[in-house]
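The structure appears below as structure tokens.
The values are calculated or read from the model by the stated rules, or taken from the named source; none is laboratory data. Remember, it's a predicted structure, so these values are computed and weren't measured experimentally. Please note: Cβ atoms are built from the backbone with ideal geometry, for glycine as well, and neighbour counts cover all protein chains shown. In case anyone asks, the SASA skips ligands and DNA or RNA and just uses the protein heavy atoms, side chains included. Shrake-Rupley method; radii C 1.70, N 1.55, O 1.52, S 1.80 Å.
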Amino acid sequence: MSFYLIVGIAALGGLLFGYDTGVISGALLFIRTDFALSAGMQGLVAGIALAGAAVGAAFAGGLSDRFGRRWVIFFTGLIFIAGSLVAALAPEVMTLLAGRLLVGVGIGVASMLTPLYLAETAPARSRGALVSLNQLAITVGILVSYLIGYLFARHGEWRWMLALGAVPGVILSAGMLTLPETPRWLAGHGRMEEAGGVLRRLRGLGDIEAELSELRTDLLREGSLPSWRELLSPNVRLPLIIGVGLAIFQQITGINTVIYFAPTIFQAAGLSSASAAILATAGVGVVNVVMTLVSIRLIDSVGRRTLLLIGLLGMAACLLLLGLGFAIGGASGALGWITALSLAAYVGFFAIGLGPVFWLLISEIFPLYVRGRAMGIATIANWGFNLIVTVTFLELINIFGRPGTFLIYAILTVAAFIFTRALVPETKGRSLEQIEADLHARG
Ligand code: BGC
């Protein structure tokens, strides 16, 4: 069992995250006509799952501390199924919003607990690769949602697009019944013997004594600490600024305006039929997956910081090009394609840097004893700002026009570059203890 099952869970958690956030972009083209939605209402339909995700992320840590990672992930699968079906069958927009809110809660819980479950079950040496695999699964989930969107676009069957979100939910819940509780959680609840048993199952013939004694030391250390006050201590402050800063920058540089609204943007750029726009969007999805693979290959040799800096520069340049394209008069043929290419390149630069590096860094830079809570805060910030960007995007376009809006994202990307240059450490090839000691010395 062990390794492949863990990989399977990583894939499913990420797939759900990707599919259920990505699917709305194609569905929205038809929902907005069916329900005659205003720009603000379209933003809400796209964004409400993100509000749910922020709530889900806020409660995931506490609930799973109490009831176990396994059961909370199991129920998350059920929430996904319920939410997807409610949204798919919605007779009017309020029910649709309620269903998407429910799906969002599930996404938030999954985005936090998948990495946590992995970190607590994976062998230390493959933890980094597994965390990035989660991002790969997110991008595959987004791509699948685009392809499903394309398949069902011909007859405007947005209900099927949303209903299919229930499928990974079913697999996740069923899968969780076959997986064990994490050794870490069992040990934390005084069930040391069971923890040992699970570790033995997970590691096969490997030696588990060293891991068990590490677990005991961690628990002793954690038990003696006052909980939330620790987050304000000097050696946590700098990592928290970096983690929350990157969480915010990952969103306010505009990635999800493209991921969620790409077909709408493509239509504005001159690819007029809904199918052509959704197909071009699938191209963007492929670029996202392929460049994430490239990033995973480079992340341990070239380094996180370098990839982040290169990615941000590329994103800023593409955003300027996009703004320029729209300023010159984007809706003509050739210019439409230049716009489409800059959009794809922008996503590619995100995928080699800010996409995977953010999720990886927040699992690396926090001292162990506050890691869960600090990651929780960064995750909530990520979803919160995702929501803000998503609901304001269409309104921003109304106020500043397309060129102005993309220029704003370009300026924010330059700010992210300056922030990264000043604060973000290189963590490749260093132990988590070394990273912690360095950040402490600087903080
Ligand atoms: C981000 C998501 C985004 C996705 C795109 C993730 O790292 O957190 O907001 O939709 O990347 O691939």
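The table that follows gives values for the structure above.
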read-out: Volume of the Cα convex hull of segment 75-217, divided per residue and given in Å³; value: 120 Å³
read-out: Long-range amide H partners of T253 with built H, under 5 Å; value: none
read-out: Probe 1.4 Å, accessible area per residue of segment 76-163, Å²; value: 36 Å²
read-out: Protein accessible area in the chain, 1.4 Å probe - carbon and sulfur %; value: 69 percent
read-out: Relative compactness, the chain, computed as alpha-carbon Rg over 2.2 N^0.38 Å; value: 0.97
read-out: GNM flexibility winner over the chain from N134, N398, N256 (Cα, springs under 10 Å); value: N398
read-out: Loop trypsin sites (Lys or Arg not before Pro), segment 142-199 (other Cβ atoms within 10 Å of the site Cβ: 16 or fewer; DSSP); value: R154, R191
read-out: Whether segment 303-443 is rounded, prolate or oblate, judged on the alpha carbon gyration tensor where a/c under 1.5 counts as rounded; value: prolate
read-out: Computed [θ] at 222 nm, helices only, for the chain once each DSSP H run of length n ≥ 4 contributes -39500 (n - 2.57); value: -28500 deg cm²/dmol
read-out: Cα centroid of segment 301-315 to Cα centroid of segment 38-117, whole Å; value: 32 Å
read-out: Shape of segment 108-157, Cα gyration tensor, a/c cut at 1.5; value: prolate
read-out: For segment 162-305: rounded, prolate or oblate by the Cα gyration tensor [a/c cutoff 1.5]; value: prolate
read-out: Kyte-Doolittle at least 0.5, axis length at least 24 Å by Cα - qualifying DSSP helices, the chain; value: 3-34, 39-67, 69-89, 93-121, 127-153, 234-252, 274-298, 304-329, 333-352, 371-423
